[in-house]
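The values are calculated or read from the model by the stated rules, or taken from the named source; none is laboratory data. What you see is a predicted model, and the numbers here were worked out from it, not measured in a lab. Positions of Cβ are generated from backbone atoms using ideal geometry, with glycine treated the same way; all protein chains shown enter the neighbour counts.
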Amino acid sequence: MWRPGDAAGAVCMHGITSSYVLDPVGQYVIGMIVGGGMEARRGRQRHRFLAGDLCVWDPSARHQGRPYLAARWEARLIVLELPTIEDLLNDPEQAAVRATLPGPRVREAGLAAGFLRLHRALERTTSALARQTLLLEWLQRLRGQRSPAAARSSSAIRDPALRRACERLADDPGANISLAELAAAAGASRHRLTRLFRAAFGVPPHRFQISQRLRAARALLEQGIPVADVAQRTGFTDQSHLVRHFRRSIGFAPSRYAALLRSNVQDARLGRR
């Protein structure tokens with residue numbers, strides 16, 4: 001697992017597993033099955049993925065996976081936070097639209113090949129310009145596959161009240177802010193603000209706040225801050241509260257996340273010597 005340096009808001013993974021449970025609050029999880037097969041369940045829906053299939057999971061609901069036609073499967077993943085998706089996909093020269101991607105299963109050989117090239121580049125390429133361009137162009141191609149429903153909430157993502165609320169939560173993710181206080185900061189009613197969050201991100205305000213807290217927690221963990229201190233500084237009740245949400249969001253305990261990233265950084269330094 002690694003964070004591709006200049007690609008802020010992105011975490012990459014590559015590995016083999018036989019199960020997972022994930023609640024992708026505040027983020028998209030985009031992956032490709034490299035080997036084996038997986039059956040994923042989200043609510044009452046079942047989706048089966050084989051080698052070469054792309055998985056695109058939005059933040060709207062928890063999902064879990066198990067092997068399909070194999071004992072385990074190999075996958076490459078990119079976890080992208082919602083603000084990163086929005087920043088990459090919204091062209092300032094055009095009208096803003098909701099940063100919505102198709103999914104959860106995408107079967108298109110050209111997109112799959114492009115994702116594999118992208119993922120390998122995020123792992124190996126030293127050029128910041130190459131990494132950022134490949135990521136932007138691939139996401140644009142993927143969004144070209146989206147359903148017409150994506151455009152229906154474009155007005156929400158452009159709404160100044162939503163912007164003000166998001167900025168308030170991002171600036172101080174650890175704050176114990178009430179819905180009334182957030183609505184006042186946004187300049188909207190509580191009901192309207194809740195509808196805006198649902199329309200723009202598919203989650204209510206408190207889940208968006210959790211995503212901002214997890215985003216801040218990841219950054220602190222990458223700096224080597226102890227888990228207990230991270231929990232206190234990012235607004236979680238205690239360490240166990242952070243661990244529970246971290247596992248749901250990223251699939252790892254915070255200590256494991258920090259260890260994997262440290263190991264990758266060390267390996268990269270040794271490789272340059």
(message) Quick test for you: out of Val21, Val11, Val29, pick the one residue that is at pLDDT below 90, touching a Leu at 6+ places or on another chain (Cβ under 9 Å) and assigned to a strand (DSSP E or B).
(response) Val11
(message) Criterion first (aliphatic (A, V, I, L, M), touching a Pro at 6+ places or on another chain (Cβ under 9 Å) and more than 25 Å from Arg262 (Cβ to Cβ)) does Met32 satisfy it?
(response) no
(request) Select from segment 34-57 the residues that are among the aliphatic types (A, V, I, L, M) and surrounded by fewer than 21 Cβ atoms within 10 Å (Cβ to Cβ) and write down the one among them that is nearest to His206 (Cα to Cα). (result) Val56
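For (1) more than 19 Å from the chain's Cα centre (by Cα); (2) over 25 Å from Ser211 (Cβ atoms); (3) assigned to a helix (DSSP H, G or I); (4) at pLDDT 80 or above, each residue gets a yes or a no:
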| site | (1), (2), (3), (4) |
| --- | --- |
| Val97 | no, no, no, no |
| Gly110 | yes, yes, yes, yes |
| Arg117 | yes, yes, yes, yes |
| Trp138 | no, no, yes, yes |
| Ala149 | yes, no, yes, no |
| Arg152 | yes, no, yes, no |
| Leu169 | no, no, yes, yes |
(message) Test of understanding: among Ala186, Ala175, Ala217, which residue is surrounded by fewer than 16 Cβ atoms within 10 Å (Cβ to Cβ) and touching a Leu at 6+ places or on another chain (Cβ under 9 Å)?
(response) Ala175
